[in-house]
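Q: Attaching a single structure in structure tokens format; questions to follow.
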Amino acid sequence: MKVLLLGGGGREHALGWKLIQSPLLDRLISCPGNPGLATIGDVVDDVDPTDPEAIVHLCGAHGIDLVVVGPEAPLAAGVADALEASRIPVFGPTRAGARLESSKSFAKEIMASAGIPTAGSATFADRDAAVIHLERSSGPYVVKADGLAAGKGVLVTESLESAIDWVDDCLGGKFGDAGSSIVLEDYLSGPEVSLFYVCADGDAIPLQPARDYKRLLDGDEGPNTGGMGSFSPLEDIDDTLVDWTTTHVALPTLRELAARGIDYTGFLYIGLILTSDGPKVLEFNCRLGDPETEVLMPRMTSDLLAVLEAGASGGIADFDFSWSDRFAVNVVLAAPGYPDSPQAGLAITGIESFSDVHIFHAATRESDTGVETSGGRVLNIVGLGDTLSQARERAYGAAHQIDFEGKHFRTDIAEE
Ligand code: GLY
């Protein structure tokens, strides 16, 4: 099978690494890929992965049998719609399904209609109405840009003034169209869990849970980022929560979408918070998590490609993923200036083979002198071990040895 993998971050490097282990795979092409993906397959970096026609053309030129979409942007741009119209198998939802992520207000509407527990919320395009709502609430305040903002459109703050400033930033264009309306949510507290499903034909097959760290600094301080680290499995979560989420969240969501004429095929990411009132949904995404995928792929022992191919053509009903018992811990190395203005062009040294460590590239590029930074989250350093602390030691051992000027990483990922 010839597979086209769209995307070029750490999630896609981890997905590509997993896909090439399948006996079904003949050739992997990534678009736009990254230097890590270039070591395990072919890379096409001169085609825009969010351009539906260009991707259909690329598939025709290379005889692609299956397209696997990593990030949300191609899905929100309608790449899966164009592929489906051209009868090219694709694992990823259509633009209508991707609204679960590309519109937070749509996701809230689906949850309300399907009776899914979530935080109370209200959507505003009018600044004054939003400010009145905030002034009538008690903090902490949760303000979210309605559209896609690469994980950076959310503010959680105790300060009414900062919340109002964020409303002004969003409605004032900080996130472009993504912030032209905002969602104000009730604040919820508790441990968070990321759950993922492979969905097709009304079925939802769970992956194992993972936990990520969204804030930039130790102790969950600093701004929200795309994610600074992750680990799996979670010792505080058992199958009961996964079963509950399948029954009370994943399947009702698929049914609600189907009732609206949306046949959802693709990954579904359910961000949960475990409150004292029970689990509630914080967010939906139409893709796998990043940096969670980087700890799940090394632990999955099933043939992922076989499942995605079956999903793209309908039938996954009886499938069950199998997993290794090992622990995986991912420490993200970020560029100085991340998340606001990460510095590109910094030479990276020390990328070598470490025992029981995977290095998944994210924002890197090749230069005349070697690999260098090209954006914010540069590398994912994933340690594996028989215990969480062993996996952690291995990840941090390599994270200290790999270097670039101004390298930043959290020191408390998977701390027990
Ligand atoms: N880990 C957060 C995300 O993928 O959106």
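Values in this text are rule-based calculations from the coordinates and carry no lab data. Note that the coordinates shown come from a computational prediction; the quantities given were computed from them, not determined experimentally. Here the Cβ positions follow ideal geometry from the backbone for every residue, glycine too, while neighbour counts run over all protein chains shown.
Q: Running Debye on the stretch 216-256 with equal point scatterers at the Cα sites and no solvent, what base-10 log of I(q)/I(0) appears at q = 0.18 Å⁻¹?
A: For the stretch 216-256 at q = 0.18 Å⁻¹, log10 I(q)/I(0) is -0.76.
Q: Can you tell me the mean projection area, over all orientations, of the convex hull of the stretch 75-200's alpha carbons? Units nm², please.
A: Reported value for the Cα convex hull: 8.9 nm².
Q: A further question follows. If you project the alpha carbons of the stretch 187-255 onto the principal axes, what extent comes out on each, in Å, largest first?
A: 40, 22, 22
Q: Using bins 10 angstrom wide from zero, how does P(r) for the stretch 35-95 break down, in % of all Cα pairs?
A: 23, 57, 20, 1
Q: Plugging the Kirkwood radius over Cα pairs into Stokes-Einstein for the stretch 237-319, at a temperature of 20 °C and a viscosity of 1.002 mPa s, what D comes out in µm²/s?
A: This corresponds to a translational diffusion coefficient of 148 µm²/s.
Q: Between His133 and Ser180, what length in nm is gained on full extension when 0.36 nm per residue of separation is reduced by their alpha carbon distance?
A: Extra length from His133 to Ser180 when fully extended: 15.2 nm.
Q: Let me ask something else about it. Per 10 Å bin, what is the whole-percent P(r) computed from every C-alpha pair distance within the stretch 317-408?
A: Whole-percent P(r) values from 0 Å outward: 18, 42, 25, 12, 3.
Q: Mind checking which lysines have their Cα closer than 27 Å to the Cα of Lys280? Skip sequence neighbours fewer than 8 apart in that chain.
A: Lys104, Lys108, Lys144, Lys152, Lys214
Q: In debye, nearest 20, what is the charge dipole magnitude of the stretch 208-307 about its Cα centre with +1 on Lys and Arg Cβ and -1 on Asp and Glu Cβ, if you could check?
A: Computed about the Cα centre, the dipole is about 380 debye.
Q: Next question. Using a cut-off of 13 Å between beta-carbons, work out the net charge of the residues near Asp165 (Lys and Arg +1, Asp and Glu -1, Asp165 not included).
A: Local net charge: -1.
Q: Could you calculate, for the stretch 1-121, the ratio of the Cα radius of gyration to the Kirkwood radius, expressed as Rg to Rh?
A: 1.05
Q: How much net charge surrounds Gly147 when only the other residues with a Cβ under 9 Å from the Cβ of Gly147 are counted, with Lys and Arg +1 and Asp and Glu -1?
A: Combined, the nearby Lys, Arg, Asp and Glu give -1.
Q: Also, I was wondering about something else. Neighbour counts of other C-beta atoms within 10 Å: give me Phe404, Phe91 arranged from fewest to most.
A: Sorted ascending by nearby Cβ count, the order is Phe404, Phe91.
Q: Normalised by the empirical 2.2 N^0.38 Å for globular proteins, what value does the Cα Rg of the chain take?
A: Compactness ratio reported: 0.94.
Q: Between Ala259 and Ile40, what is the spin-label point distance in nm, taking each point 7 Å from the Cα along the Cα→C-beta axis?
A: 4.0 nm
Q: Here's another thing I want to ask about it. Residue separation times 0.36 nm, minus the C-alpha to C-alpha distance between His62 and Arg215: what's the value?
A: 51.0 nm
Q: Tell me, Kirkwood radius of the stretch 63-135 from alpha-carbon pair distances, in Å?
A: Computed over the stretch 63-135, the radius equals 14.5 Å.
Q: Cα-based Rg (one decimal) and Dmax (whole number) for the stretch 263-416, in Å?
A: Rg and Dmax of the stretch 263-416, Cα atoms, are 17.8, 56 Å.
Q: What is the pair-distance distribution P(r) of the stretch 164-304, computed from all Cα-Cα distances in 5 Å bins starting at 0, with each bin given as a whole percent?
A: Computed distribution, short to long bins: 2, 9, 15, 19, 20, 17, 11, 6, 2, 0.
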